[in-house]
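Working notes for the structure below.
What follows is calculated from the coordinates using simple rules that are stated; it is not laboratory data. What you are looking at is a predicted structure, and each value in this text was computed from that prediction instead of being measured. Note that each Cβ is placed from the backbone with ideal geometry, even for glycine, and that neighbours are counted across all protein chains shown.
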Amino acid sequence: MADVLPDDEITAQLPDGWHREDDEIVRTFEFDSYLDGVGFAAGAGGIAEDAWHHPEMIITWGEVEVRFTTHDAGGITEKDIELADRLNEIYE
């Protein structure tokens, strides 16, 4: 099991566009259409499945909100930071 990161490490490692809400890191990705967001969510889902680390995703018109936490560790771990970075990469 992964270790929960200390608060200062979370702050230092938080990827661009992400913020912290309690024991989760959160980002809302913006798109020009609903289907662009759905496509992004599908790609993000594939990355999450490969890593066996599944975020909560909420898809609305023009936006996909993504929330990461490591439930079995009880907070934010390196795995959450790494996957947030990967989603930033596919968004660009």
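Observations on the structure shown:
- Thr28-Ile90 pseudo-label distance in nm [points 7 Å out on the Cα-to-Cβ vector]: 2.2 nm
- Each of Arg20, Arg86 was scored by other Cβ atoms within 10 Å of its Cβ. Listed from fewest to most, they are Arg20, Arg86.
- Sum of -39500 (n - 2.57) over DSSP H runs of 4+, divided by residues of the chain (222 nm, nearest 500): -13500 deg cm²/dmol
- Calculated P(r) of the chain - Cα pairs past 18 Å, %: 40 percent
- The chain: relative contact order in percent, alpha carbon pairs under 8 Å with at least 6 residues between: 38 percent
- Overall, the chain carries a charge dipole of about 220 debye about its Cα centre when +1 sits on the Cβ of Lys and Arg and -1 on the Cβ of Asp and Glu, all other atoms neutral.
- Label zone of Ala2 (point 7 Å out along Cα→Cβ, amide N under 11 Å): in region 16-59 this covers 25, 51-55.
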